[in-house]
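Novice: Below you'll find the structure I mean.
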Amino acid sequence: MRISIVFVVLMVLLVCFAGAIRGADSPTTMPATMPTTAPSNITWDQAKNFVGQTVTVTGPVVGTHDFGDAAVLNVGYDFPNPDRFTVFIPAEKRTGMPKDLDNGKTIRVSGAIKMYRNVPEIEADFDHISIEQASTRPATQP
């Protein structure tokens, strides 16, 4: 009889231990905020609403600025308008820059949006930029 009691106690402990291990792998509470997913495609004027997210932005190039090593594409509005969207192309990522990338082209660029001097921007290379249309009318300055 004594062996039966010891056996029952050991079985109860084993079941409790197994339950504790199984419970340790599952969360006990839900996260405070659920991750959100951004739409995969947005327009240039929506970019400021998706800072910190990786998206694809479409819009007309209205100004290009070559700094010798780096280049900037102004989309929607030209510099110095703070409502523009910019694509920054650093020197080491300029390989393959299309010769026909100039004002009036609609581009599509993918990457993470960050703010640079209060303007939404994506840093990209030409593997992440495509020309969608050759001749669109750029937005006018407000």
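Novice: Please list, ordered by first then second residue, the pairs with beta carbon atoms under 8 Å, 6 or more apart or interchain, first in segment 68-88 and aromatic (Phe, Trp, Tyr) and surrounded by fewer than 23 Cβ atoms within 10 Å (Cβ to Cβ), second in a loop (DSSP other than H, G, I, E, B) and at pLDDT below 95.
Specialist: Phe88/Ala70; Phe88/Ala124
Novice: Tell me the residue from Ala124, Ala139 that is more than 13 Å from the chain's Cα centre (by Cα), at pLDDT below 95 and not polar (S, T, N, Q), please.
Specialist: Ala139
The values are calculated or read from the model by the stated rules, or taken from the named source; none is laboratory data. A quick note: this is a predicted structure, and the numbers were derived from the prediction, not measured. Using ideal geometry, Cβ is built from the backbone for each residue, glycine included, and neighbour counts are taken over all protein chains shown.
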